[in-house]
Amino acid sequence: MIRNSLFLLALTVPTAANACGGFFCDRDDGVDQKSEEILFAIDEENGEITTHIKIAYEGSADEFAWIVPVAGLPELSVGTDALFGLLTGATQTNHYVQNTYTGDCAFTAYASGASDWSTTSTTGTGTGSSGGSTVPGVSVVSQSIVGPYATSVLTATDSGELITWLNDNGYDIPVGLDPLLAPYVASGQHFVALKLSKDRDTGDLSPLVMTYPGTTPSIPIQLTAVAAQPDMRLRVYVLGDERAVPTSYLHVQPNPIAINFWDGGTNYDDVISMAADEAGGQAFATDFAGSPAGLSDSLVWADWDTQELATANTAYGFLVAVATRGLPADDALLEVLDTHIAPIPGIDPVSVYNCPSCYESQLRAMPFNAVAAAEDVEVFVVAPRVEAAAMLDRYSVLTRLSSSVSPSEMTVDPMFTFNHDMGLVTNVRTATLLTTC
C-alpha cells in the first residue's frame with residue numbers, strides 16, 4: 001500500500017527561523033525519515049537566513065508533501081546535491097594512529113615520521129496562477145514549479161479551513177494536526193505547500209533552498225518524531241563569521257577511548273550516538289569548525305557555457321556539447337536530459353547520453369528544442385552550483401555539528417547561535433601509541 005505523507009517545516013518563530021519538521025501519515029507503510037542534512041547560511045547584517053535542506057528517506061510515496069509555515073513570504077529555489085557532497089568530504093572526521101617510540105628501538109628510523117598505522121575514516125554519509133480546490137478562508141497567493149517540487153504559497157484565517165484545503169488538494173493530513181497549525185494561522189503566517197512534481201522512489205530528494213527573515217536558525221525536530229527512525233542521523237552545517245554552537249541542546253565531545261582509531265574511526269557515528277544518549281538524546285558534537293576558503297573552486301567550471309548549448313541543431317549536437325564542456329553528470333543534468341530528449345525504444349536513456357555517437361542517426365532525427373534544454377541546464381544544473389559557490393565565498397567560518405536523535409528524544413527543538421569565544425575545531429583526530437623499547 002502506498003501512503004501519502006506530510007512533511008511539516010516550521011519557519012515561524014519570530015526570534016528563530018526554523019528549518020524542518022517531520023513526516024506525518026495515518027497508514028501503516030510508507031515514508032520514514034532516516035537522515036537529514038541542513039545548511040544554514042546566516043546573514044546577520046541583513047537579518048536573513050538561507051537554508052539548504054537535503055533529506056534521505058525510506059519507503060515509497062504516491063505524493064510526498066511538505067507544509068512550511070513561514071514568517072514572511074519566502075524565496076524558493078532548488079539546490080544542488082554537489083554542495084552537500086562537497087561539505088561532507090571537506091569536513092568528515094579523519095582518525096589516525098601516530099606511533100611514538102622511546103628507548104633503544106632498532107626500527108626507530110623506520111617508524112619515525114608519519115604514522116605507519118594511519119587510516120582515514122569515512123564518517124560522511126553528505127509565481128504562477130492559483131488553482132486547486134477553493135476553500136473559504138484560504139487564499140492561494142502563488143503556485144510554481146521549483147525544480148522537482150510543485151509549490152503553492154497559501155494564507156489562511158482558520159486552521160481547520162487550511163486543513164480542508166490541504167485534504168481537498170491531495171495532502172494526507174492526520175488527525176490532531178489542527179492544534180499544531182493553529183498558532184501559525186493566528187500569527188498570520190504564510191504556508192508553503194510542496195509536493196514532488198513526479199513520482200520518486202526511495203532515495204534522496206533534490207535539496208530545497210529557502211531564503212527568509214531571521215538570524216537564529218532552529219529545527220522543529222518535535223514534528224519529526226511521528227515517522228523518524230531510531231537514532232536518526234542529523235547533520236547541521238552553519239555558515240557565518242564565527243563558530244556555531246547549539247543553544248537548546250547540550251554540546252558534547254565524543255569519548256576518544258571509544259573510537260576505533262585502528263580502523264580509521266569507522267565507529268565514529270556510533271560514538272556520537274552514545275554521547276547523545278548519555279546527554280538525554282539532546283546533544284550535538286562539533287565535527288569541524290574552520291574556514292570554507294577554496295571549497296567553492298570545485299563546484300563550478302569556467303567553461304560551462306550554456307549559450308553554446310542553445311546553438312545545437314539536434315539532440316546529438318547537444319549531447320556532444322554537454323560532454324565537451326564537461327558539465328557535471330549529476331541527477332539534475334540527467335533529469336534535464338530526460339525531459340528534453342525523447343527516449344529511443346528499447347534503449348536505456350543513460351546509454352544514449354553516455355554514447356551519443358552510438359545512436360547518432362536517431363538523435364539527429366528526433367524533434368529537439370536546444371534553447372529550452374539549454375535554459376533548463378542553466379536553471380537547474382549550473383545556477384544552483386554558482387549560487388552555492390558564491391555563498392561559500394561570503395562567509396569565513398563553516399561549522400559542522402552531528403547528532404543522533406530517536407523519536408522519544410525529540411521533545412525540544414535544537415537552536416543555534418554563534419560563539420566568538422570558542423576556538424576552531426580540526427577534523428583530524430590523532431591517537432598516540434607509545435612504545436618503550
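For residue 406, the conditions (1) farther than 24 Å from residue 294 by Cα; (2) of a type in the set (Gly, Ala, Ser); (3) at pLDDT 90 or above all hold with the exception of (3). Could you go through the range 422-437 and let me know if any residue there is hydrophobic (A, V, I, L, M, F, W, C), surrounded by 14 or more Cβ atoms within 10 Å (Cβ to Cβ) and touching a Leu at 6+ places or on another chain (Cβ under 9 Å). No, the range 422-437 contains no residue that is hydrophobic (A, V, I, L, M, F, W, C), surrounded by 14 or more Cβ atoms within 10 Å (Cβ to Cβ) and touching a Leu at 6+ places or on another chain (Cβ under 9 Å). Considered as a group, the residues in the range 255-291 that are aromatic (Phe, Trp, Tyr) and in a helix (DSSP H, G or I) include one that is least open to solvent (accessible area, probe 1.4 Å), and that residue is 268.
Out of everything in the range 296-317 that is open to solvent by 30 Å² or more (accessible area, probe 1.4 Å) and among the hydrophobic types (A, V, I, L, M, F, W, C), what residue ends up being modelled with the lowest pLDDT?
My answer is 302.
Do we find that residue 76 is more than 11 Å from the chain's Cα centre (by Cα) and modelled with pLDDT under 90 in this structure? Yes; evaluated as a whole, the condition is true for this residue. Selection over the range 318-339 of residues that are assigned to a helix (DSSP H, G or I), touching a Phe, Trp or Tyr at 6+ places or on another chain (Cβ under 9 Å) and crowded, with 18+ Cβ neighbours inside 10 Å gives a count of 7. The residue pairs whose first member lies in the range 126-155 and is at pLDDT below 80, whose second member is in a loop (DSSP other than H, G, I, E, B) and buried (at least 20 other Cβ atoms within 10 Å of the Cβ), and whose beta carbons are closer than 6 Å, counting only pairs six or more residues apart or on different chains, are 147/206; 148/206.
Give 246, 217, 213, 207 a once-over and let me know the one that is more than 30 Å from residue 433 (Cα to Cα), at pLDDT 75 or above, crowded, with 16+ Cβ neighbours inside 10 Å and in contact with a Lys or Arg (Cβ under 7 Å, 6 or more places away or on another chain).
207
The values are calculated or read from the model by the stated rules, or taken from the named source; none is laboratory data. Keep in mind the model is a prediction, meaning the values are calculated, not measured. All Cβ positions, glycine included, derive from the backbone under ideal geometry; neighbour counts span all protein chains shown. The accessibility values were calculated without ligands, DNA or RNA, using every heavy atom of the protein model including side chains. Shrake-Rupley method; radii C 1.70, N 1.55, O 1.52, S 1.80 Å.
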